[in-house]
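Beneath this line is the structure, given in structure tokens, with notes to follow.
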Amino acid sequence: MGRSMSWPNRTLSHLEVKSSLLIALAGLVLFYALLLGCVRGLVATALVAFSLLLHELGHVLVAAVNGVKIKRIGFAAGGGYTVRELSGRWWVEAESALAGPLVNLLLFLVFNSAGGVVAHAAAQANLVLAIGNLIPLSRSDGSRLWKAISSRETAASASAPAQALIQAAPQVVESAGVGAKISTNT
């Protein structure tokens, strides 16, 4: 899995940065450097990395507003992720899943209106992040959104044992690239 560094603080258990992120960033720098030149490539990479942070903070903001405890935010080669408790409310899960991609759509609009090749590259990356995360593939925000909306009907007709089973897994990982439900002892 690679090494990780973490910094505890009061509102968030940990901020994790996996060493595999360095490989992904190096690849992104190389891509943008070849496309835009060295300095512009570094700036574009920094904007995309900052966009990933803002994506995760979108999830965190929605969770915090709804009283959901955040365990940690992390970054790895596959993107960012947020580990938090489940809210037990389908609409909070749906809002939280949508928050990250909506941040990327907003950043797309901001960067696209800014002009310049670096801003245009950051705009395109944010559009790809938003759309890519809304596709309901395994471990994506789109998958979590689909599950939240689907659970709306399931929860309304679920028996008491099924409700208990739904509440037995109190954490979820939200991501900009990676994510899955995790056990309670992580």
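The values are calculated or read from the model by the stated rules, or taken from the named source; none is laboratory data. Please read all numbers here as calculations on a predicted model, not as lab measurements. Counting neighbours? That spans all protein chains shown, and the Cβs are built from the backbone with ideal geometry, glycine included.
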Subject >> Candidate set from the stretch 126-139 (those that are part of a helix (DSSP H, G or I), of a type in the set (A, V, I, L, M) and in contact with a helix residue (DSSP H, G or I) (Cβ under 6 Å, 6 or more places away or on another chain)); member that is surrounded by the most Cβ atoms within 10 Å (Cβ to Cβ) >> reply: LEU129
**OP:** Return the only residue of ALA46, ALA76, ALA64, ALA26 being at pLDDT 95 or above and over 17 Å from SER143 (Cβ atoms).
**Re:** ALA46
Subject >> Unique match (being more than 12 Å from the chain's Cα centre (by Cα), in a helix (DSSP H, G or I) and surrounded by 18 or more Cβ atoms within 10 Å (Cβ to Cβ)) among GLU95, GLU56 >> reply: GLU95
Original post:
Which of the residues that make up the stretch 36-49 are within 18 Å of LEU127 (Cα to Cα) and either touching a strand residue (DSSP E or B) at 6+ places or on another chain (Cβ under 8 Å) or of a type in the set (A, V, I, L, M, F, W, C) (or both)?
Top reply: VAL43, ALA44, ALA46, LEU47, VAL48, ALA49
Original post:
If you check every pair at least six apart or on different chains, which have Cβ atoms under 6 Å apart with a residue in the stretch 118-147 that is under 16 Å from PHE31 (Cβ atoms) first and a residue that is among the basic types (Lys, Arg) and surrounded by 17 or more Cβ atoms within 10 Å (Cβ to Cβ) second?
Top reply: none
Original post:
Looking at GLY142, is it of a type in the set (Gly, Ala, Ser), under 24 Å from LYS18 (Cβ atoms) and assigned to a helix (DSSP H, G or I)?
Top reply: yes
Original post:
Does any residue in the stretch 84-108 that is over 25 Å from ASN126 (Cα atoms) and touching a residue at least 40 places away in the same chain (Cβ under 8 Å) come within less than 8 Å, Cβ to Cβ, of a residue that is charged (D, E, K, R) and outside any helix (DSSP H, G or I) six or more places away or on a different chain, and which pairs are these?
Top reply: GLU85/LYS69; GLU85/LYS71
Subject >> All positions within the stretch 32-53 that are touching a residue at least 24 places away in the same chain (Cβ under 8 Å) and either within 12 Å of the chain's Cα centre (by Cα) or closer than 26 Å to ARG84 by Cα (or both) >> reply: LEU47, VAL48, ALA49, SER51, LEU52, LEU53
Original post:
If we keep just the residues of the stretch 29-44 that are within 10 Å of VAL118 (Cβ to Cβ) and not aliphatic (A, V, I, L, M), which is surrounded by the fewest Cβ atoms within 10 Å (Cβ to Cβ)?
Top reply: GLY37
**OP:** For the stretch 48-103, name all the residues that are more than 20 Å from SER20 (Cβ to Cβ), of a type in the set (A, V, I, L, M) and out of contact with any helix residue (DSSP H, G or I) (no Cβ under 8 Å at 6 or more places or on another chain).
**Re:** VAL60, ALA64, VAL65
